[in-house]
Amino acid sequence: MSAAPASVAGGEARVRSWDRAVDRALRGWGGVVYAFLYLPILVVVIYAFNDSRHVANWERFGLRWWGEAWRDESIRKALLLSLWTAASNAGVAVVLGTAAALGLRNVRRRTRTAYDAFMYMALIVPEIVIAIGSLLFFATFAPQLLGPPAIVITHAVFNTSVVTLIVRARLAGMDRSLEEASADLGAGRWGTFRRVTLPQLFPAILAGGLLAFTFSFDDVVLSTFVTGAGSSTLPLRVFSELRFGLTPLANVVATFMLTITLTAIVTAQVLLRRSAGRAGASGPVAGGAVEVTR
Amino acid sequence: MTTGRGQTVREPRGLILPAWGYYLVFFVAPLVVILAFAFAHREGFFDITFGFYTENLERLWDPVYLKIYTNTLVLALEGTLLCLLVGFPFAYWLGTRVRTHKTLLLLLVIVPFWTSILIRTYAWALILAPSGFLSSFLQDLRLIANPLHLLGTDRAVLVGIVYDYLPLMVFPLYVSIERMDRRLVEASRDLGVGRWGTFRRVTLPLVLPGIMTGCLLVFVPMTGEYVVPSILGGGLRGLFGPVAADQFLEALNYPFGAAMSLVMVVFLLGVIFLYLRVLGRQAEQNLGAAL
């Protein structure tokens, strides 16, 4: 081992410089990926403030197309429809998802595994398949529901899973001693739930509701299939416009949708951080309570 | 009722029933209805007789439709591979090198996932259009003489799906890399195994469940993608999503559209089953962490 200390030192230096090169390359790649994720979105936002009649030719900064969008009554109607269907879907998903998460705390392992299969399948199955199935289902059994009610119902399938995941992650990270204390002090099941459990869960429930709202507010595929004649949500409006070509109006509507969505996501994230639901690692669908448990 | 200390409050188990029922009625039943329609017989436009007719499934053997399925699978595989190539070094960096602002950096990966796929796809239409951002930029630099004709091609669709689904790939990778026992890697290096050998024989097997989960999560939606080919694919409609959609929105041939979807569902169930078989108990944990 003592044969050639100099060359060992030289080897180590080589290893270290190689390590540094790898570090730099990885960091550089990180930057490239973030640019890849965000630059396209930035392009849409910038072009929304383009006063040119042609969508891709930059002329000058201006709000001309914002005015046009606002004066377009069909866009205003689509926005209203989107807002209320998204909110109703969030309501349904929050009630079903929260209840399920609470119930899941106490079921046997096998029941939970069986339930999870449905929950994960609802998240994984391609949207278009659920959309096609829902169209056939409603057209066969309840054609009168096609349109806004069917939009609310189908969106809530995916979102019930989302809310369940988020609330369950929060429940897993929650200290149960407060609930135990409440029960020991003689509060009933309902009293304990209302005054101890629910307040602790509230941020997660609200975050779940916001993410459910976001998903529905942005959805194209499910809505395309189950929307009846004469009702069009905002994304459907943009989608149909895009198929005839790019228009400056689409940039404006897209940017407006982005603003609403981003506000909802960031609020949801803040709520989830504050509630510090550290246990139960979960990824983007569950709102990214990503602190990994070991 | 005991009054001993440490008694736990138990919500009724029945609380899972409403959601379970909801899944059965609005998720499972629609899938069953697809099955019923796939075997139905159509006379004229809307005169549908249920039964056990195989005409719709037989029509799928037509080379036109076989081609659509192969196109779709090839595109989804290419998209999955590209997501992995882009996402792995990125997730590796996040999981092993980043120490400060990690929460923020992860949040920045989640935000695009929750942003409208329509708008994110539309952004690429703006960029890739012949008069668009990329084309004029490259022309200004005099790198190309004529406008780019990328919009409306399969390449554009590939860029779009990779862009849209990348966050779903990054997360499972990140989680498995972060959880990996780094001491094993160090031990391998100390024992004189080279950098590449260590990566191939220690790191890779350790993060393989994450890789499989990521591939599953992006491959499955890519096979059914509808929005991206509709916007970036222009007139070319040789993919499962748009063609199946057309059966319902344009051609109004519900039974045939149902048969197309049925084949896709069976195939994807096979993929998911394979994933569960290979990963076994790790699957639940991995999916839970990744979703």
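The values are calculated or read from the model by the stated rules, or taken from the named source; none is laboratory data. Everything numeric here is computed off the predicted structure, so don't read it as measured data. Here Cβ is always computed from backbone atoms with ideal geometry, including for glycine, and neighbour counts include all displayed protein chains.
How many residues does region B:180-227 contain that are of a type in the set (S, T, N, Q), within 29 Å of the chain's Cα centre (by Cα) and under 21 Å from A:R20 (Cβ atoms)?
Count: 1.
Just to verify a result, which residue in region B:268-291, among those that are closer than 30 Å to B:T49 by Cβ and within 11 Å of chain A (Cβ to nearest Cβ), is surrounded by the most Cβ atoms within 10 Å (Cβ to Cβ)? Show your work before the answer.
Initial filter on region B:268-291 (closer than 30 Å to B:T49 by Cβ): B:268-270.
Checking which are within 11 Å of chain A (Cβ to nearest Cβ) leaves us with B:268-269.
Details: B:L268: 20, B:L269: 12.
Residue satisfying both the conditions and the ranking: B:L268.
If you go through region B:19-42, how many residues are assigned to a helix (DSSP H, G or I), over 22 Å from A:T111 (Cβ atoms) and not aliphatic (A, V, I, L, M)?
The qualifying residues number 2.
Which of (1) surrounded by fewer than 23 Cβ atoms within 10 Å (Cβ to Cβ); (2) part of a helix (DSSP H, G or I) is the odd one out, the single condition B:A251 does not satisfy?
(2)
Before we move on, is B:A125 within 17 Å of A:L39 (Cα to Cα), touching a Ser or Thr at 6+ places or on another chain (Cβ under 8 Å), in contact (Cβ under 8 Å) with a residue 12 or more places away in the chain and of a type in the set (G, A, S)?
So B:A125 fails the test.
Just one of (1) charged (D, E, K, R); (2) without any contact (Cβ under 8 Å) to a residue 40 or more places away in the chain; (3) in contact with a helix residue (DSSP H, G or I) (Cβ under 7 Å, 6 or more places away or on another chain) trips up B:R281, so point out which.
Failed condition: (3).
Sort out for me the helices (runs of 4 or more DSSP H) sitting completely within region A:82-187 that have 3 or more residues that are of a type in the set (D, E) and over 26 Å from the mean Cα position of the chain (by Cα).
On the way: elements: A:109-124, A:127-141, A:148-172, A:177-184.
In region A:82-187, the matching helices (runs of 4 or more DSSP H) lie at A:177-184.
Assess whether B:F256 counts as being more than 10 Å from chain A (Cβ to nearest Cβ), in contact with a strand residue (DSSP E or B) (Cβ under 9 Å, 6 or more places away or on another chain) and modelled with pLDDT of 90 or more.
yes
For region A:48-56, does any single residue satisfy the condition of being among the aromatic types (F, W, Y) and assigned to a helix (DSSP H, G or I)?
Within region A:48-56, the subset among the aromatic types (F, W, Y) is A:49.
If we keep only those that are assigned to a helix (DSSP H, G or I) too, we end up with none.
The answer is no, given that none of the residues of region A:48-56 is among the aromatic types (F, W, Y) and assigned to a helix (DSSP H, G or I).
State the number of residues belonging to region B:123-134 that are facing chain A (nearest Cβ under 7 Å) and within 11 Å of B:L151 (Cα to Cα). Working first, answer last.
Kept after step one, since they are facing chain A (nearest Cβ under 7 Å), are these residues of region B:123-134: B:123-127, B:129, B:131-133.
Next, from what is left, pick out any that are within 11 Å of B:L151 (Cα to Cα): B:124-127, B:129, B:131-132.
Final tally of qualifying residues: 7.
So B:W114 fits all but one of (1) in contact (Cβ under 8 Å) with a residue 40 or more places away in the chain; (2) crowded, with 18+ Cβ neighbours inside 10 Å; what number is the exception?
(1)
Before we move on, is B:V98 β-branched (V, I, T), part of a loop (DSSP other than H, G, I, E, B) and at the interface with chain A (Cβ under 9 Å from one of its Cβ atoms)?
Details: β-branched (V, I, T): yes; part of a loop (DSSP other than H, G, I, E, B): yes; at the interface with chain A (Cβ under 9 Å from one of its Cβ atoms): yes.
So B:V98 passes the test.
Give the residue, chosen from A:A131, A:A101, A:A122, A:A93, that is crowded, with 19+ Cβ neighbours inside 10 Å and at the interface with another protein chain (Cβ under 7 Å from one of its Cβ atoms). Lay out the reasoning, then the answer.
On the way: A:A131 fails: at the interface with another protein chain (Cβ under 7 Å from one of its Cβ atoms); A:A101 fails: at the interface with another protein chain (Cβ under 7 Å from one of its Cβ atoms); A:A93 fails: at the interface with another protein chain (Cβ under 7 Å from one of its Cβ atoms).
Exactly one of A:A131, A:A101, A:A122, A:A93 is crowded, with 19+ Cβ neighbours inside 10 Å and at the interface with another protein chain (Cβ under 7 Å from one of its Cβ atoms), namely A:A122.
Residue check: is B:G14 outside any helix (DSSP H, G or I), at pLDDT below 95, surrounded by fewer than 17 Cβ atoms within 10 Å (Cβ to Cβ) and within 11 Å of chain A (Cβ to nearest Cβ)?
Judged against the criteria, B:G14 is not a match.
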